[in-house]
Amino acid sequence: MEYAKIKEIEIKNFRQFIHEVIKLQYSPGKNITIITGRNGYGKSNIFNAITWCFFEIEEHLSSESEGLRKCPNYVLYNLTPGKTVETEVKILIETNEGEINISRTMNTHKNMDGTVREEGPNLSIQQRPAMKRNWISNPYPDTVISHIISRDMRKFFFIDGEQLRQLFEETNRKELIKKSIFDLSQITLLQKTIDHLGIFKSTLRKGVKSPAGDDLRLCDQAIGDSNHYIERKKGELQKLYDDKSEAQANKNKLDVQLKDFNVEDIKAYAQKREDLEENIKSIESRISEEEDEYLAYLFGVDSGIIARKAIIKTKKILDGLESKGELPPKIQYVFVKELLKNGKCICGLDLKQAKNIKNREKIENLLKDVQISQVAQKATELKYQLGALLKDSDEFEEVYNKMTSKINELNKIYIEKQEELKAINTKIGNYPIEKIKKISEMRQQYTETILDCRGQIAAVNSKLKDAESKVKGLERQYRAFLGKEELYKDVLKDMNICDKGIEVLTGIKNKLMVEIKKEVEESTKKYFSGLITEKNFSKLYITNDYQIRIPVDDRNAVENLSAAETLCLGYSFMSALRKGSRFDAPIVIDTPLAKIDPEYRENVVNWFKKSLPDAQILLLVTKAEYTEAVASTFKSAVNNEYIIVYDGNKEISEIKNAN
């Protein structure tokens, strides 16, 4: 078919749609239809309806919807028990050969007990050739669809913007590119022919019965065993690729769940919280140790240190008396007391005689003064004792200040760390940490599975290479044995023809792959450079092992593209494949601008208009994507514009003309 354009999409009882009709007009340069809807209103289910009708696949089915029936709950609730309701998606397509009406239906039956069962789905196609009036049923609907668009190429015509970006972000990019170019080259028939020639060679060998000995038989057996080994290894290889793809798909789903969370920030917060908690425990332990040491020191100090203030005050008083000359005492109390007891002065005067009574009285009066002096003597002794105590007290003050200062500083740090921990807990409290942790752990498991599969794939490929080399050697040996017997010269001739055919077809296949790869490479480079104008990405190329490389400063810039640039690369590759495939099929894109930075959005919109002016494009967008600036840039190319209206009470949606 030279071209295929969708004229109308009819959706009946599918997901949240009861009965909606979307008419798509088309003319060159005015080739874009816009459907706008909020998340959850059914935008992605329009996409699913289209892919389900074509391929019985719902490409963009959320995990919440996987277990739900296709028929809306509102319809099933109001369905009378014993009755059946039909779900149907019809797509009317105009081609250069006439019109095609694709219809996929399924029935949902409500049992008398209220339970529900589904039957189907069934695919049918009606065709009306150009210039004819009657519709004709086609018995091979899948074949008709494959002429409109290949099932293998569907991801580059029916596009989920987020999934396309992820495909070009992940480790399976190389396999995606290789498979896409393989599918685009349409070499399946060539490969099947090559495989059949190999089978025919095996049949020829089985018909050989050598009368000369067991050499041919043993060699043929070795070839057969080696080929069986190769087939087993190819099976293992395919399973590894499937396991890897499944793990990659699961990882992609988890990435979608994690995309709203800045996991790296959360990890950093969690690590900081763990560090803070450990730090706080350490500070608590240090404070406890310092306080124990402080208390032990206090219990061990002299009681005089505890009375330091009183000692300082007392010493100050005694120092004042000393400065007045009142300390130390001039006469000792014991000395004067001894004079009176003996009754004789040191000068020899007898104090007992009557004539010396007055002298004795003087000494007795002196004794009263000496009693005060005796107190002063005690005070003098105390002054020196207090001095010694104050010396110890000065050392105590230094130790005391040092200990209390350290404890106070630790308490200050402790309070600061507690405040930091409180702030971190507040930040982390806004995230579902356990859910994120579980998802991250599952994601890590899938990542490890992918890496393990890659290692095993490399090992199996190495064994396959050795086995294939061994088979070639055995076949040369087999031909040598066969050439010795006149009876089997024709068999040898036929085998050589098979080998030559395999060689020629393999060469054609490889050459075709190279040519297609080169064509896709040039187109991808052209489109991508036009989209990302702020950077020089003009050196893009696809390597022989199907890696996309953009050399910038001795590194591959593809590995460091932003989300927007990665999506633009996906669009560029998609368009290059579309151009190379010669399929002029409609392009349907869900969330086309979700990850595109504002500075690139105008580029992308203009690219849609300039690079795909002949393609019929249906864009399913959110309000956040379809800003006034985007709408204004799209305006000249938009033919139809619809909006999805949601009824929350009935949980159903309607598609209305936006004009």
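Of all residues in the stretch 21-41, those that are part of a strand (DSSP E or B) and under 37 Å from the mean Cα position of the chain (by Cα) total 6. Scanning the stretch 130-160 for residues that are more than 30 Å from G570 (Cα to Cα), modelled with pLDDT under 90 and not aliphatic (A, V, I, L, M) turns up K132, R133. Total residues in the stretch 228-272 satisfying the condition of being at pLDDT 80 or above and not assigned by TED's automatic domain parsing to the domain that holds E448: the figure is 1.
Restricted to the stretch 6-34, and to residues there that are of a type in the set (S, T, Y) and surrounded by 19 or more Cβ atoms within 10 Å (Cβ to Cβ), the residue that is farthest from T105 (Cα to Cα) is Y26.
Without any contact (Cβ under 8 Å) to a residue 24 or more places away in the chain and part of a strand (DSSP E or B): which single residue out of S146, S124 fits that description? Reasoning before the result, please.
Working: S146 fails: part of a strand (DSSP E or B).
Answer to the check: S124.
Being at pLDDT 85 or above, of a type outside the set (K, R) and under 29 Å from the mean Cα position of the chain (by Cα) is the requirement here; does F47 meet it? Talk me through it step by step, then tell me what you get.
Working: at pLDDT 85 or above: yes; of a type outside the set (K, R): yes; under 29 Å from the mean Cα position of the chain (by Cα): yes.
So F47 fits the description; yes.
Take the conditions (1) surrounded by fewer than 19 Cβ atoms within 10 Å (Cβ to Cβ); (2) under 17 Å from V645 (Cα atoms); Y3 misses just one of them, which is (2). Residues satisfying the criterion are present in the stretch 546-557 (criterion: surrounded by fewer than 19 Cβ atoms within 10 Å (Cβ to Cβ), of a type in the set (S, T, N, Q), touching a strand residue (DSSP E or B) at 6+ places or on another chain (Cβ under 9 Å) and at pLDDT 75 or above). All conditions but one from (1) among the aromatic types (F, W, Y); (2) crowded, with 18+ Cβ neighbours inside 10 Å; (3) over 18 Å from V588 (Cα atoms) apply to Y77; the one that does not is (2).
When only residues in the stretch 567-605 that are polar (S, T, N, Q) and at pLDDT 80 or above count, which is farthest from D255 (Cα to Cα)? Residue satisfying both the conditions and the ranking: S575.
Contact map, the stretch 540-553: first residue farther than 18 Å from T566 by Cβ, second residue outside any strand (DSSP E or B) and among the aromatic types (F, W, Y), Cβ cut-off under 7 Å, separation 6 or more or different chains; the map is empty. Outside any strand (DSSP E or B) and either without any contact (Cβ under 8 Å) to a residue 60 or more places away in the chain or touching a Lys or Arg at 6+ places or on another chain (Cβ under 6 Å) (or both): does that describe R133? Yes; evaluated as a whole, the condition is true for this residue. Against the test of being in a loop (DSSP other than H, G, I, E, B), at pLDDT 85 or above and touching a Ser or Thr at 6+ places or on another chain (Cβ under 9 Å), the options Y626, Y646, Y642 yield a single qualifying residue, Y626.
Given the criteria touching a helix residue (DSSP H, G or I) at 6+ places or on another chain (Cβ under 6 Å), farther than 20 Å from I223 by Cβ and assigned to a helix (DSSP H, G or I), does I516 qualify? Before the answer, list the steps.
Details: touching a helix residue (DSSP H, G or I) at 6+ places or on another chain (Cβ under 6 Å): yes; farther than 20 Å from I223 by Cβ: yes; assigned to a helix (DSSP H, G or I): yes.
Spelling it out, I516 is indeed touching a helix residue (DSSP H, G or I) at 6+ places or on another chain (Cβ under 6 Å), farther than 20 Å from I223 by Cβ and assigned to a helix (DSSP H, G or I).
Select from the stretch 597-651 the residues that are more than 21 Å from I159 (Cβ to Cβ) and among the acidic types (D, E) and write down the one among them that is surrounded by the fewest Cβ atoms within 10 Å (Cβ to Cβ). Checked the stretch 597-651; the qualifying residue surrounded by the fewest Cβ atoms within 10 Å (Cβ to Cβ) is E628. Look at (1) of a type in the set (S, T, N, Q); (2) farther than 17 Å from G224 by Cα; (3) modelled with pLDDT of 85 or more and you find that S440 fails only one, number (3).
Please enumerate the residues belonging to the stretch 22-43 that are within 25 Å of R69 (Cα to Cα) and in contact with a Lys or Arg (Cβ under 9 Å, 6 or more places away or on another chain). It would help to see each step written out before you state the result.
Initial filter on the stretch 22-43 (within 25 Å of R69 (Cα to Cα)): 22, 35-43.
I35, T36, G37, R38, G42, listed by residue number.
Residue pairs whose Cβ atoms lie under 6 Å apart, sitting 6 or more positions apart in sequence or on different chains, and linking a residue in the stretch 614-643 that is farther than 20 Å from P28 by Cα to a partner that is part of a strand (DSSP E or B) and of a type in the set (K, R), are I643/K656. For the residues N107, N122, N134, N96, the requirement of being buried (at least 16 other Cβ atoms within 10 Å of the Cβ), over 30 Å from L254 (Cβ atoms) and in contact with a strand residue (DSSP E or B) (Cβ under 9 Å, 6 or more places away or on another chain) singles out N107.
Looking only at the stretch 85-92, decide whether some residue is assigned to a loop (DSSP other than H, G, I, E, B), of a type in the set (D, E) and surrounded by 13 or more Cβ atoms within 10 Å (Cβ to Cβ). Checked against the condition, which is being assigned to a loop (DSSP other than H, G, I, E, B), of a type in the set (D, E) and surrounded by 13 or more Cβ atoms within 10 Å (Cβ to Cβ), the stretch 85-92 yields no hits at all.
Residues in the stretch 455-478 that are surrounded by 14 or more Cβ atoms within 10 Å (Cβ to Cβ) and basic (K, R) were compared, and the one that is farthest from K251 (Cα to Cα) is K470.
The values are calculated or read from the model by the stated rules, or taken from the named source; none is laboratory data. Every value quoted in this text rests on a predicted model; they were computed, and no experiment measured them. Note that we place each Cβ from the backbone using ideal geometry, even for glycine, and neighbour counts take in every protein chain shown.
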